[in-house]
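**Student:** My structure is below; once you've seen it, I'll send some questions.
The values are calculated or read from the model by the stated rules, or taken from the named source; none is laboratory data. These numbers come from a predicted model, not from an experiment. With ideal geometry, Cβ positions are generated from the backbone for all residues, glycine too; neighbour counts draw on all protein chains shown.
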Amino acid sequence: MSKRIFCLLAALLVAMSLSAQQPRHLFRTAWAAIDTASVRPASWKPYPAWRDRAAWDRLMPADLKEQAIKDGEKWLNYRFQAILASEYLEFERSGSRAAMEVPNSRNRSALKELMLAELAEGKGRFLEQIINGAWFFAGSPSWVLSAHEYRKNSGRALPDYRDVIMDLGSQLTGGDVALSLYFFRDEMDKIDPAISAFIEHALDEKIYKPYLDPAKWRAQSWLGFTHPGEEKPYFWENWDPRNNWNIWCNFAVAQIACLACRDRGLLQRILAQAVESADNYIDFVKMDGGCDEGPAYWRHASGSLFEFIELMNRITDGKFGCWDDPQFRARCCYISRCNLGDGWAVNFGDGQARYTGLPSFLYWMGTTAGIKEIHDYSLYVQACRDHLTTIDPGTYLYDKLDFLPLLPQMKKEYAETFAAAGGDLERMKRELRKDLPAWTWYPQTEHLIARNAQGLAFAAKGGHNEESHNHNDVGTVILFMDEMPVLVDVGPTTYMRQTFNKKERYTIWSMRSEWHNLPMMNGCPQHEGGEYRAAWSKADEKAGSFTTEFAGAYPAEAGLVSLQRNCVLKGSTLSITDRYALSQRKAADEEHFMVRGEVTLVKEGQIRIRYRSFDGSRHGSALMTYPKTLKASIETRVLDDKRHLAIWGKDLKRIVLRSADNAPLKGSYTVSISKL
């Protein structure tokens, strides 16, 4: 037991060293050097006026205009849907978020598409419905999603006008409402000035006031501020709140204020707080650029970090700077590094296994920030997705509007790159990715992403079990061969109440370590919590290896003195060796491997895996070899969650390699997977 205590102490020291990253105050320093009186000058016009038809004709190509108008026409007779009290309360009753979020999303889609249609057409045909939408939202009791209302003092899912807080839903709705004011305030005032006054009041009550109120710092712990009377920001889930919410919300509030706030004193208070809070985020996340929230959350973590810097430069005539910051640039490149080909991505935690990022957003980032890897990656993703057909200008309305000036340039560059590859699409893809590092190690985040000339791509992680969007997955690995999944990370189920409930999260099977590519030692799976972590992790590019000491990820009942995993990628083979030492033997050990494909026990010590591409058009085979001292069984996990079904199909296989009940107190298990 003394060795285990030593191991845990070593893990604690490592954790302290990593968390002791010194605050850099990057944004506060940049802001302090700017004359804030000159911020967002009266001449600042991020988008052309609605009435400037010549500008919109230049900005929006004919095909995009036609589609925008067609999309807007679907909502001309739409009646904005009031969300019933019972639809909010359904989150408490069954855990479902959909009852509230589905009608809310329809309302938001209607307003967004109506506005884009009017900007495209410019005849006033959509104005009344735009006003209806903005008026509807201004009068809604809350812009907060039912899944997040529980953060207020009552802890209930129903909105309470006496305790208004901010969340992701607030800023998404607020962004569209602010754009309605930016573009159509004059038209609203011609009809009745009460319209714009009501919308301004709603922004003040639902965005500005809760954002600036210290009494809301506990509910809005994503700000990174400590609520009065408390020692540190409150953990609403199982992890530190300074995650993608911080930078996503700070960017959104700053943007909303810049677009719609006419009180310059209020605007400056909002921007000053946004700068300070955003610093809390970049001072917390790792300097190495890794995103422990996974690639899908990269869009709202590193993507919003880019948007925040871009906005601050826009409103200060470029004086904010920060484009050359190494942490920022490394975080941008994470999305490129974690792409495994054919739409697949490294998806630890709540990450999605299929995610590439949107080409238009990536191009905007790569071009604006001057990051060639992201610029090239945007063209690569476009080649993989739609080739020479339409370039999707973005998901959010502000995304579309900010990218539109770059659309002709991206089309031109794409065509030139394709022509330079001799019209060979596969050659073009290879050329765009030829400078991608084969080996990327994030020493603080403890993520490794590696690939080789034999077509193998492998990722592994150390870390701890209190990471943002955590699964109990310290030491897990994933393996792809020729851009096809072999050993997989299942990923999260559809989000519901249980997903972000401290007591219920790890009752969800796909969050648990026994459903990852991990051992269950002495009958024990890993445990959630920041103290359950790797003592150390390292990677050696020359040796092609990843090694982690992760006994500390298991509870004391496992009796682990030591557990080291060593993974070696060499040629067409990945070898995984787990070396262990126990203080006592209570139960058998089990090695678990999650597989998408057909799994066949060839003979004792050998298992054949037949894997396939996402669309089923390509196949491959691999041979897994394992010690004959382990007994193999193959289980089928039938999938019933729509998120899993969309990615993996109807089922996954779990290979279980079980030791004897009286296996030695010290030993090792080596499993190798070779491409055939």
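**Student:** From the list L172, L145, L179, which residue is within 25 Å of F235 (Cβ to Cβ) and part of a helix (DSSP H, G or I)?
**Tutor:** Step by step, each of L172, L145, L179 is checked, and only L172 is within 25 Å of F235 (Cβ to Cβ) and part of a helix (DSSP H, G or I).
**Student:** Another question about this same structure. Which condition breaks for D386 when tested against (1) more than 30 Å from L114 (Cβ to Cβ); (2) surrounded by fewer than 19 Cβ atoms within 10 Å (Cβ to Cβ)?
**Tutor:** Checking D386 against (1) more than 30 Å from L114 (Cβ to Cβ); (2) surrounded by fewer than 19 Cβ atoms within 10 Å (Cβ to Cβ), the one that fails is (1).
**Student:** Now for a different question. Search region 625-662 for residues being part of a loop (DSSP other than H, G, I, E, B) and either free of Cβ contacts under 8 Å to residues at least 24 places away in the same chain or in contact with an Asp or Glu (Cβ under 6 Å, 6 or more places away or on another chain) (or both), and hand back the single one that is nearest to G559 (Cα to Cα).
**Tutor:** Restricting to residues being part of a loop (DSSP other than H, G, I, E, B) and either free of Cβ contacts under 8 Å to residues at least 24 places away in the same chain or in contact with an Asp or Glu (Cβ under 6 Å, 6 or more places away or on another chain) (or both), the top hit is S659.
**Student:** Turning to a different aspect of this structure: Are there any pairs with C-beta distances below 6 angstrom linking a residue in region 559-575 that is hydroxyl-bearing (S, T, Y) to a residue that is assigned to a loop (DSSP other than H, G, I, E, B) and surrounded by fewer than 23 Cβ atoms within 10 Å (Cβ to Cβ), with the two at least 6 apart or on different chains, and if so which?
**Tutor:** Listed by first residue and then by second, the contacts come to S572/Q454.
**Student:** Out of everything in region 495-518 that is in contact with an Asp or Glu (Cβ under 6 Å, 6 or more places away or on another chain) and at pLDDT below 95, what residue ends up being surrounded by the fewest Cβ atoms within 10 Å (Cβ to Cβ)?
**Tutor:** Only one residue fits best here, namely Q498.
**Student:** Does any residue of region 306-313 turn out to be under 16 Å from the mean Cα position of the chain (by Cα), assigned to a helix (DSSP H, G or I) and among the β-branched types (V, I, T)?
**Tutor:** Looking through region 306-313, none of the residues is under 16 Å from the mean Cα position of the chain (by Cα), assigned to a helix (DSSP H, G or I) and among the β-branched types (V, I, T).
**Student:** Can you tell me which of A99, A120, A134, A85 is among the hydrophobic types (A, V, I, L, M, F, W, C) and without any contact (Cβ under 8 Å) to a residue 60 or more places away in the chain?
**Tutor:** So the residue among A99, A120, A134, A85 that is among the hydrophobic types (A, V, I, L, M, F, W, C) and without any contact (Cβ under 8 Å) to a residue 60 or more places away in the chain is A99.
**Student:** Let me ask another. Select, from R24, R40, the only residue that is at pLDDT below 95 and of a type in the set (D, E, K, R).
**Tutor:** R24
**Student:** Would you call Y626 within 29 Å of the chain's Cα centre (by Cα) and buried (at least 16 other Cβ atoms within 10 Å of the Cβ)?
**Tutor:** For Y626, the condition - within 29 Å of the chain's Cα centre (by Cα) and buried (at least 16 other Cβ atoms within 10 Å of the Cβ) - is not met.
**Student:** Tell me, please, whether a residue that is over 32 Å from the mean Cα position of the chain (by Cα), more than 26 Å from L569 (Cα to Cα), of a type in the set (D, E) and surrounded by fewer than 20 Cβ atoms within 10 Å (Cβ to Cβ) can be found in region 648-665.
**Tutor:** Scanning region 648-665 turns up at least one residue that is over 32 Å from the mean Cα position of the chain (by Cα), more than 26 Å from L569 (Cα to Cα), of a type in the set (D, E) and surrounded by fewer than 20 Cβ atoms within 10 Å (Cβ to Cβ).
**Student:** Given (1) surrounded by 14 or more Cβ atoms within 10 Å (Cβ to Cβ); (2) among the aliphatic types (A, V, I, L, M); (3) modelled with pLDDT of 95 or more; (4) outside any loop (DSSP other than H, G, I, E, B), identify the lone condition not met by L18.
**Tutor:** With respect to (1) surrounded by 14 or more Cβ atoms within 10 Å (Cβ to Cβ); (2) among the aliphatic types (A, V, I, L, M); (3) modelled with pLDDT of 95 or more; (4) outside any loop (DSSP other than H, G, I, E, B), L18 is out only on (3).
**Student:** Taking region 410-437 as the search range and keeping residues that are in a loop (DSSP other than H, G, I, E, B) and touching a residue at least 40 places away in the same chain (Cβ under 8 Å), which one is surrounded by the most Cβ atoms within 10 Å (Cβ to Cβ)?
**Tutor:** Looking at the filtered set, the residue picked out is L436.
**Student:** Taking W75 as the residue in question, decide whether it is closer than 27 Å to R108 by Cβ, surrounded by 11 or more Cβ atoms within 10 Å (Cβ to Cβ) and touching an Asp or Glu at 6+ places or on another chain (Cβ under 7 Å).
**Tutor:** Yes; evaluated as a whole, the condition is true for this residue.
**Student:** For region 114-133, does any single residue satisfy the condition of being in contact with a Pro (Cβ under 9 Å, 6 or more places away or on another chain) and either at pLDDT 95 or above or aliphatic (A, V, I, L, M) (or both)?
**Tutor:** Yes, region 114-133 has at least one match.
**Student:** Hey, can you tell me all the residues within region 86-108 that are among the hydroxyl-bearing types (S, T, Y) and assigned to a helix (DSSP H, G or I)?
**Tutor:** Scanning region 86-108 gives S86, Y88, S105.
**Student:** In addition: Those residues that are out of contact with any Ser or Thr (no Cβ under 8 Å at 6 or more places or on another chain) and not in a strand (DSSP E or B), I need them from region 663-674; list them, please.
**Tutor:** P664 - this is the single residue of region 663-674 that is out of contact with any Ser or Thr (no Cβ under 8 Å at 6 or more places or on another chain) and not in a strand (DSSP E or B).
**Student:** When region 566-583 is examined, which residues are found to be within 17 Å of L487 (Cα to Cα) and part of a strand (DSSP E or B)?
**Tutor:** Result: N566, C567, V568, L569, K570, T573, L574, S575, I576, T577, D578.
**Student:** For residues in region 129-142 being in contact with a Gly (Cβ under 9 Å, 6 or more places away or on another chain) and not in a loop (DSSP other than H, G, I, E, B), which is surrounded by the most Cβ atoms within 10 Å (Cβ to Cβ)?
**Tutor:** Here the answer is F137.
**Student:** I've got another one for you. Could you tell me which of the residues D292, D279 is more than 19 Å from A438 (Cα to Cα), of a type in the set (D, E, K, R) and surrounded by fewer than 24 Cβ atoms within 10 Å (Cβ to Cβ)?
**Tutor:** Step by step, each of D292, D279 is checked, and only D279 is more than 19 Å from A438 (Cα to Cα), of a type in the set (D, E, K, R) and surrounded by fewer than 24 Cβ atoms within 10 Å (Cβ to Cβ).
**Student:** Scan R612, R618, R608 and give me the residue that is touching a His at 6+ places or on another chain (Cβ under 7 Å), surrounded by fewer than 17 Cβ atoms within 10 Å (Cβ to Cβ) and modelled with pLDDT of 95 or more.
**Tutor:** R612
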